[in-house]
Protein chains: 2
Amino acid sequence: MEPASPGRPSRAAFLLSQLGAVASSRFAVRTREIGLSPSDAGVIRLLGREPGLSQRSLADRLGAVPSRVVSLIDSLQERGLVERTRSNADRRNYELHLTDAGTAVLRELREIAEKHEAELLAPLNREQIAQLGFLLAQLAAGHGLDADLHRDVAREPVVRESRVGSRPA
Amino acid sequence: MEPASPGRPSRAAFLLSQLGAVASSRFAVRTREIGLSPSDAGVIRLLGREPGLSQRSLADRLGAVPSRVVSLIDSLQERGLVERTRSNADRRNYELHLTDAGTAVLRELREIAEKHEAELLAPLNREQIAQLGFLLAQLAAGHGLDADLHRDVAREPVVRESRVGSRPA
DNA sequence: TATTGTTATACTCTATAACTATA
DNA sequence: TATAGTTATAGAGTATAACAATA
């Protein structure tokens with residue numbers, strides 16, 4: 001119980017990190033049960049909302065690099081969940097769409113999200129949930145997070161952790 | 001703005017995931033500035049609190065595997081922040097301690113944590129911060145997270161994501 | 001025989017850079 | 001020349017398994 005740090009701040013930041021990790025990993029467990037990685041799930045949600053997206057713009061929304069999107073879509077296409085069709089307007093582009101199977105998976109995903117939400121917030125009562133939702137939305141807004149954007153966060157400057165020099169002092 | 005899902009739940013779970021990721025990555029940026037990976041920081045905090053820990057028990061607290069701890073400690077030792085001494089009681093064990101330099105880094109780490117906390121919670125006023133702290137602590141307790149444990153969460157059953165079978169339907 | 005720490009190896013994830021085809 | 005998508009490659013991070021020393 002660390003004797004020092006008497007007047008230390010609320011530790012809310014650490015709790016946020018930890019709970020966020022728990023939330024993410026539990027959601028990952030659930031999506032894995034229907035054969036989807038968290039990235040797969042993000043792509044499917046995005047394509048459900050914005051059908052016809054190109055790989056390039058999908059990459060932008062995901063905060064991913066185009067080559068990453070190739071393998072993501074390859075995999076979803078192999079599984080029959082997403083289809084690529086060349087754009088007639090600009091034949092360099094694909095237009096990405098959910099197949100019927102993909103749409104069905106999106107529905108499953110929504111059910112999963114609801115269960116996930118309920119499980120995670122189970123320790124709180126209704127009023128507390130509303131409070132928490134408000135406070136988190138406040139924080140998200142304050143930090144420029146679009147509350148409805150499913151971008152992969154955790155993607156700041158990305159300084160590539162060069163295991164920066166020793167610091168013997 | 002997704003027209004569907006009218007009566008959907010609070011989305012607090014998603015916000016939690018996103019904000020947690022933001023919190024973690026911002027903290028990582030700060031520790032990287034003093035040459036530490038997030039894991040390094042965790043080890044140093046733990047050794048500050050429980051000097052003399054063995055690699056095995058450190059691994060347990062970190063939720064990491066012993067071989068992982070080897071390279072972690074190797075690196076910190078090379079940088080002069082941690083030292084290994086053989087235990088006299090049981091010569092299979094090491095006793096891990098922070099060096100003076102390591103202790104200095106721990107102090108820096110605490111300053112960083114305070115700045116981090118302040119930056120992250122800046123969008124909220126004092127009362128809201130207290131509220132949030134309470135609600136998060138409530139959640140953490142409800143999910144069996146020791147609020148003072150810095151274990152690497154994100155480590156559930158770990159089903160090893162065998163890219164489980166295609167699901168063409 | 002069981003346990004601590006170590007090494008060697010392999011696997012996952014994801015980014016970078018060079019390339020093709022369209023524009 | 002610039003952009004969409006692709007491929008090949010490489011790197012970081014971390015786990016698994018076999019191993020040596022000690023108990």
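Where a number appears in this text, it was derived from the coordinates with a stated rule and is not lab data. Bear in mind the structure is a predicted one, so any value in this text is a computation, not a measurement. With ideal geometry, Cβ positions are generated from the backbone for all residues, glycine too; neighbour counts draw on all protein chains shown.
Counting only other chains, what is the mean number of Cβ atoms within 10 angstrom of the Cβ of each residue in peptide B:43-55?
On the way: counts 0, 0, 1, 0, 0, 2, 4, 1, 0, 0, 0, 0, 0.
That average works out to 1.
What span do the alpha-carbon atoms of the stretch B:14-67 cover on each of the three principal axes, reported in whole Å from largest to smallest?
37, 26, 21
Can you pull the mean other chain C-beta count within 10 Å for peptide A:74-81? Kindly include the intermediate steps, with their values, before the conclusion.
Working: counts 0, 2, 0, 0, 2, 5, 4, 4.
Mean shielding by partner chains, rounded to a whole number: 2.
Starting from a label point 7 Å past Cα on the Cβ side, list the distances from B:GLU78 to the same position in the other copies, nm, shortest first.
In ascending order, 3.6 nm.
Any chance you could check the Cα centroid distance between the stretch B:105-142 and the stretch B:25-66 for me, in angstrom?
Centre-to-centre distance over Cα atoms comes out at 19 Å.
Using θ = phi - 60° and the Karplus form 6.51 cos²θ - 1.76 cosθ + 1.60, what ³J(HN,Hα) does each residue of the stretch A:93-98 get, whole Hz, x for Gly and Pro?
So the J values, rounded to whole Hz, are 7, 9, 10, 9, 9, 6.
In nm, to one decimal, how far is the A:ARG126 label point from the B:ALA118 one, both placed 7 Å along Cα→Cβ?
4.1 nm
Counting only Cβ atoms, what residue of chain A lies nearest to the axis that sends chain A onto chain B, and how many whole Å off?
Nearest residue, distance rounded to whole Å: A:GLY20, 1.
For the stretch B:22-142, which semi-axes, largest first and in whole Å, follow from the square roots of 5 times the eigenvalues of its Cα gyration tensor?
31, 17, 12
Assuming R0 = 30 Å, can you tell me the calculated FRET efficiency for the pair B:ALA89 and B:VAL65, based on Cβ-Cβ distance, to the nearest 0.05?
So the FRET efficiency works out to roughly 0.80.
Along Cα→Cβ at 7 Å, what distances in nm separate the A:HIS97 label point from those on the other copies, shortest first?
7.0
Report relative contact order for the stretch B:22-142 in percent, whole number only (criteria: Cα-Cα under 8 Å, sequence separation at least 6).
Once divided by the residue count of the stretch B:22-142, the mean separation gives 24 percent.
Suppose you put the label 7 Å out from Cα in the Cβ direction; list, shortest first and in nm with one decimal, how far B:ARG110 is from each other copy's label.
Listed shortest first, these distances are 5.1 nm.
Starting from the amide H of B:LEU36, placed 1.01 Å from N in the peptide plane, find each other amide H under 5 Å away whose residue is 5 or more places distant or on another chain.
Answer set, sorted by chain and number: none.
With charges only on Cβ, +1 for K and R and -1 for D and E, what is the dipole size of the stretch A:20-116 about its Cα centre, in debye, rounded to 20?
Using only the charged Cβ atoms, the result is roughly 200 debye.
Mind checking the mean number of beta-carbon atoms from other chains within 10 Å of the Cβ atoms in A:114-127?
Details: counts 4, 1, 4, 8, 2, 2, 9, 8, 3, 7, 5, 1, 1, 0.
Whole-number average of other-chain Cβ neighbours for A:114-127 is 4.
Explain nothing, just compute: Karplus ³J(HN,Hα) = 6.51 cos²θ - 1.76 cosθ + 1.60, θ = phi - 60°, for every residue of the stretch A:105-118 in order, whole Hz, x for Gly and Pro.
Result, ordered by residue: 5, 4, 4, 4, 4, 5, 5, 4, 4, 5, 4, 4, 4, 5 Hz.
Could you put B:LEU96, A:LEU62 in order, starting from the residue whose Cβ has the fewest other Cβ atoms within 10 Å?
Values: B:LEU96 25, A:LEU62 20.
Going from sparsest to densest Cβ surroundings: A:LEU62, B:LEU96.
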